[in-house]
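Chemist: Quick one: the structure is below, questions incoming.
The values are calculated or read from the model by the stated rules, or taken from the named source; none is laboratory data. Since the model is a prediction, treat every value here as computed from it, not as a measurement. Every residue, glycine among them, receives a Cβ derived from its backbone with ideal geometry; neighbour counts consider all protein chains shown. Keep in mind that these areas ignore ligands, DNA and RNA; they rest on the heavy atoms of the full protein, side chains included. Shrake-Rupley method; radii C 1.70, N 1.55, O 1.52, S 1.80 Å.
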Amino acid sequence: MSTRANQLLTRTLDGMDPTEHARLLPDENRGQLPASLIENPDWMAEQLRLRGRIWHTDDARVLATLWWFSTSSRLIAPSVASYVVTGEALSPRLEDLQLHWQPDSRLSGVTSVNVLSSSDRLEPLAEELRRTLERSIASVAATAGIRQRPLWAIATDAIAGCLLWAGRARGAPGRATALAEPLVAAMDAPMPAPRYTEIDSRANASRLFTKRTSCCLLYRAPGEDKCSSCPGRPPEQRHALLRENTPH
């Protein structure tokens with residue numbers, strides 16, 4: 001990691017709730033792999049095979065979607081969090097990212113080893129995020145033999161969710177989520193617009209959630225149901241589940 005990147009990561013962590021540091025810090029008990037492996041067909045095929053052990057299916061579409069659903073938010077976390085907290089962005093380029101990889105194919109987090117040039121402007125961040133997502137989505141889709149468009153919808157939700165996560169960790173969710181629409185628009189990619197919704201919690205306080213545009217296909221795995229925020233659930237049911245799972 002470059003000295004500038006280490007300094008920016010430290011500033012980012014200092015500005016966040018310590019309970020939210022995990023996805024930005026490497027775990028000494030887990031390996032780190034270059035994110036450029038995502039473009040390696042053999043490596044990607046192995047990730048889907050390993051993911052099949054978790055979800056007990058060999059449906060390539062389901063496995064690729066579930067893998068991308070969890071991985072996409074990790075890939076963008078260092079750059080989004082640093083930009084939200086400090087106004088400068090760690091690089092989201094695949095060549096600058098290290099995956100905190102687990103042997104079962106899951107990622108606990110991602111580290112960026114460089115600072116993005118012109119890191120205090122939204123446009124360079126949007127451009128590099130688009131390139132990283134383009135390359136990753138192309139590889140995942142090719143490996144599984146599926147369309148790219150649903151994976152781009154997942155990327156929209158990853159950006160919306162990551163901004164909300166970083167904003168909450170910073171103590172300023174409104175300011176962070178206000179970046180969602182201009183960031184996605186500046187990316188100029190085949191992505192739906194990001195959306196949020198407010199839901200009253202059990203404590204009668206309104207809380208912001210990502211209003212998802214994508215489905216992770218979890219319910220297509222044996223013995224699994226739609227997740228609580230699934231856009232395929234009726235709105236009333238989805239809101240009730242989110243409200244039930246919201247901390248007091």
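Chemist: Can you tell me which residue within segment 83-104, out of those that are among the small types (Gly, Ala, Ser) and in contact with a Leu (Cβ under 9 Å, 6 or more places away or on another chain), is nearest to THR12 (Cα to Cα)? Lay out the reasoning, then the answer.
Modeler: Of the residues in segment 83-104, the ones among the small types (Gly, Ala, Ser) are 87, 89, 91.
Within this subset, residues satisfying the condition of being in contact with a Leu (Cβ under 9 Å, 6 or more places away or on another chain) are 89, 91.
Values: ALA89: 10, SER91: 13 Å.
Checking each candidate, the answer is ALA89.
Chemist: Restricting segment 101-123 to residues that are at pLDDT 95 or above and of a type outside the set (Val, Ile, Thr), which is least open to solvent (accessible area, probe 1.4 Å)?
Modeler: SER112
Conditions tested, residue by residue: (1) under 17 Å from the mean Cα position of the chain (by Cα); (2) among the polar types (S, T, N, Q).
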position	(1), (2)
GLU88	no, no
THR111	yes, yes
SER118	no, yes
ARG130	yes, no
PRO182	no, no
THR197	no, yes
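Chemist: Of all residues in segment 204-239 being in contact (Cβ under 8 Å) with a residue 60 or more places away in the chain and among the small types (Gly, Ala, Ser), which is nearest to THR156 (Cα to Cα)?
Modeler: Step by step, filter segment 204-239, then rank; the result is SER214.
Chemist: Hey, could you check segment 204-229 for residues that are closer than 21 Å to PRO190 by Cα and not polar (S, T, N, Q) and say which is most open to solvent (accessible area, probe 1.4 Å)?
Modeler: Going through segment 204-229, the residues closer than 21 Å to PRO190 by Cα turn out to be 210-217.
The next check asks that each one be not polar (S, T, N, Q); those that pass are 211-212, 215-217.
Working: LYS211: 78, ARG212: 20, CYS215: 42, CYS216: 8, LEU217: 13 Å².
Step by step, filter segment 204-229, then rank; the result is LYS211.
Chemist: Hey, another quick one. Quick one: how many residues across segment 9-59 are outside any strand (DSSP E or B), open to solvent by 40 Å² or more (accessible area, probe 1.4 Å) and either over 18 Å from GLY145 (Cβ atoms) or in contact with a helix residue (DSSP H, G or I) (Cβ under 7 Å, 6 or more places away or on another chain) (or both)?
Modeler: Residues meeting the conditions: 26.
Chemist: Test LEU94 against the criterion of being at negative phi, out of contact with any helix residue (DSSP H, G or I) (no Cβ under 6 Å at 6 or more places or on another chain), among the aliphatic types (A, V, I, L, M) and touching a residue at least 12 places away in the same chain (Cβ under 8 Å), and give yes or no.
Modeler: No.
Chemist: Just to be sure I understand, how many residues within segment 74-112 are closer than 17 Å to ARG130 by Cβ and not aromatic (Phe, Trp, Tyr)? Reasoning before the result, please.
Modeler: From segment 74-112, those closer than 17 Å to ARG130 by Cβ are 75-80, 83, 89-97, 112; that's our starting set.
Restricting the remaining residues to those that are not aromatic (Phe, Trp, Tyr) gives 75-80, 89-97, 112.
So the answer is 16.
Chemist: Does segment 142-149 include one or more residues that are crowded, with 21+ Cβ neighbours inside 10 Å and not aromatic (Phe, Trp, Tyr)?
Modeler: The answer is yes; a qualifying residue exists.
Chemist: Being aliphatic (A, V, I, L, M) and either at pLDDT below 80 or over 17 Å from CYS162 (Cβ atoms) (or both) is the requirement here; does ALA240 meet it?
Modeler: So ALA240 passes the test.
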